[in-house]
Amino acid sequence: MMTANSIKAKDFTSERNGYSQAEVDSFLSQVANDYAALEAENAENEEKIAKLVEKVAEYKEDEDAIKSALLSAQKEAAKILSDAKNKAAAMVDSAKSEQRKLAEQSAAECEKIVREHKERCAALIKENTEITESKINALRDAYDDERAAYDELRAEVTYFKSQLTSLYQEQIKL
């Protein structure tokens, strides 16, 4: 392929006070062929450049779409994270509330059980106290009866002794 310098440096032989027509025609033919090749290459390069510009535009659109999608994804991720934190906080609050409620219910149930057992114990103590007092009263009555029988028997023994002593003394006097 010819260059601009080779075209400028080309010397034509003079023939009858002019250039050789065959050399000039050959040179022009070669220049024309090279020029046609350059035009074709230039057209091909322009087509490639147009395609590349189109691809760059597509990539730019894709980049914008990706940036937009990334921004949307970041916003959505932030929203999801915020929602998850809020939901977790709500769940923790709910669990704490449920725990307090269960603790209060358990405390109330324990108090009820303690109260019922105290009432039952008080009833058993009262019942056993009544039974014990009844037995004590029965024992006192039995003691009083035995004491009365003892006193009566003692009185009889004393009376019998005095009678016997009197009889002995009368017998002795005789």
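Tabulated data
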{"quantity": "When residues of the range 31-59 are limited to those that are among the hydrophobic types (A, V, I, L, M, F, W, C) and over 60 Å from the mean Cα position of the chain (by Cα), the one farthest from Ala9 (Cα to Cα)", "calculated": "Ala43"}
{"quantity": "Every residue from the range 1-37 that is among the β-branched types (Val, Ile, Thr) and at pLDDT below 75", "calculated": "Thr3, Ile7, Thr13"}
{"quantity": "Matching option when the condition is out of contact with any His (no Cβ under 6 Å at 6 or more places or on another chain) and at pLDDT 95 or above, among Asp93, Asp151, Asp144", "calculated": "Asp93"}
{"quantity": "Output for the range 34-77, where each listed residue is over 30 Å from Asn5 (Cα atoms) and acidic (Asp, Glu)", "calculated": "Glu54, Glu58, Glu61, Asp62, Glu63, Asp64, Glu76"}
{"quantity": "Residue within the range 2-22 that is free of Cβ contacts under 8 Å to residues at least 24 places away in the same chain, touching a strand residue (DSSP E or B) at 6+ places or on another chain (Cβ under 9 Å) and part of a helix (DSSP H, G or I) present", "calculated": "yes"}
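The values are calculated or read from the model by the stated rules, or taken from the named source; none is laboratory data. Keep in mind the model is a prediction, meaning the values are calculated, not measured. Counting neighbours? That spans all protein chains shown, and the Cβs are built from the backbone with ideal geometry, glycine included.
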